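> My questions will all concern the structure given below.
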Amino acid sequence: MHIDLSYRLSGNQPIHCDHGYALFASVSRLLPEVHAENGIAIHPIGGRQNGDRQMTLMPWSTLSFRVAAEKIPVLLSLAGKSLVLHDATVRVGVPEVRTLAPATALRSRLVVIKVAHTDAAALTAETFAAAARKQMEQLAISSEVMLSIGKRRTLRMKQREVVGYEVIVEGLTAEESIALQENGIGGKRHMGCGVFLPLGEKVMP
């Protein structure tokens, strides 16, 4: 069984909207197990966008991990620690556990899928949708579900950018919904990609 382990975040400095790599690196410095464990997914941090690709932390902003329940102990020592995200420092609060609940519609802000023989410039929404369908089929998700490809987005990793898209999946059964939430699709889930939440839940736009 997978759960979301969430810590309230506090900080007075704005953070970059594209913080997936910086967040993963900062957490890994405190918990090397996270760097080595590919089964741990990290949600994007939500907040209020204030322009220039930056956002302000809000009372509901959290650092959240999607993990198998037995891996919770690995993450508990983060409570009370500070994380450095580019030029900002944020404080990690007390953790809360939330079980995954089925929802007929799920959204991931950014999914990245490496498509063979296709570079970033040539990655169209249609090509991406076909690759996403193929990965969902591997999770036993019906081809009848509605797949919507949204905004084209990027994840900056040091000196390069990885290209992907926002993804919304609708018409899921309870079993399909849990499978997609637990496994996601695409890569870089430890950097906030391919992590699905119920459509309409408060996250970064």
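> Ser82: net charge of surrounding residues, Cβ under 15 Å, Lys/Arg +1, Asp/Glu -1, itself excluded? Intermediate results must be reported in sequence, preceding the final value.
Working: positive: Arg8, Arg29, Lys81, Arg91; negative: Asp87.
Net charge around Ser82: +3.
> Against the longest alpha carbon principal axis of the chain, how many degrees, from 0 to 90 and to the nearest 10, is the axis of helix 20-30 turned?
50
> With mean projected area of the Cα convex hull in nm² defined as stated, name the option among (i) 10.5; (ii) 11.1; (iii) 12.1 computed from the structure displayed.
Checking each listed value against the structure points to (ii).
> Along the charge dipole of the chain, Cβ charges K/R +1 and D/E -1, which of Leu76, Gly184, Ser143 sits furthest on the positive end?
Selected residue: Leu76.
> Here is a further query. For the chain, what does the helix formula give at 222 nm: sum of -39500 (n - 2.57) over DSSP H segments with n ≥ 4, over the residue count, nearest 500 deg cm²/dmol?
-6000 deg cm²/dmol
> A further question on this structure: Under 23 Å Cα to Cα from Lys81, which lysines show up? Leave out anything in the same chain fewer than 8 places away.
Candidates past the 8-residue exclusion: Lys71.
> Subtract the Cα-Cα distance of Asp52 and Ile72 from 0.36 nm times their separation in residues, and report this length gain in nm to one decimal. All intermediate terms of the calculation are to be shown ahead of the outcome.
Details: separation 20, 0.36 × 20 = 7.20 nm, distance 3.53 nm.
Taking 0.36 nm per residue and subtracting the Cα distance, the gain is 3.7 nm.
> Using +1 at the Cβ of each Lys and Arg and -1 at the Cβ of each Asp and Glu in the chain, identify which of Leu9, Val111, Leu123 lies farthest towards the dipole's positive end.
Toward the positive end, the furthest listed residue is Leu9.
> Here is a further query. Please find the FRET efficiency linking Thr124 to Ile168, where r is the Cβ-Cβ separation and R0 is fixed at 22 Å, and quote it to the nearest 0.05. Please report the intermediate quantities before stating the final value.
Values: r = 18 Å, r/R0 = 0.80.
The calculated FRET efficiency here is 0.80.
> Can you return the lysines within cross-link range of Lys114? Criterion is Cα-Cα under 21 Å, with same-chain partners fewer than 8 residues away left out.
Reachable lysines: Lys134, Lys151, Lys158, Lys188.
> Note down the magnitude of the dipole of the chain about its Cα centre, charges +1 on Lys and Arg C-beta and -1 on Asp and Glu C-beta and zero elsewhere, to the nearest 20 debye. Please list the in-between numbers first.
Working: 23 positive and 19 negative charges, 136 e Å.
For this selection, approximately 660 debye.
> Compute the angle between helix 125-138 and the longest alpha-carbon principal axis of the chain, please, reported from 0 to 90 degrees and rounded to the nearest 10.
Value to nearest ten degrees: 90.
A short reminder: the numbers here are calculations on the coordinates, not readings from a lab. Fair warning: this is a prediction, and the values are worked out from it, not measured in the lab. Virtual Cβ from ideal backbone geometry, glycine too; neighbours counted across all protein chains shown.
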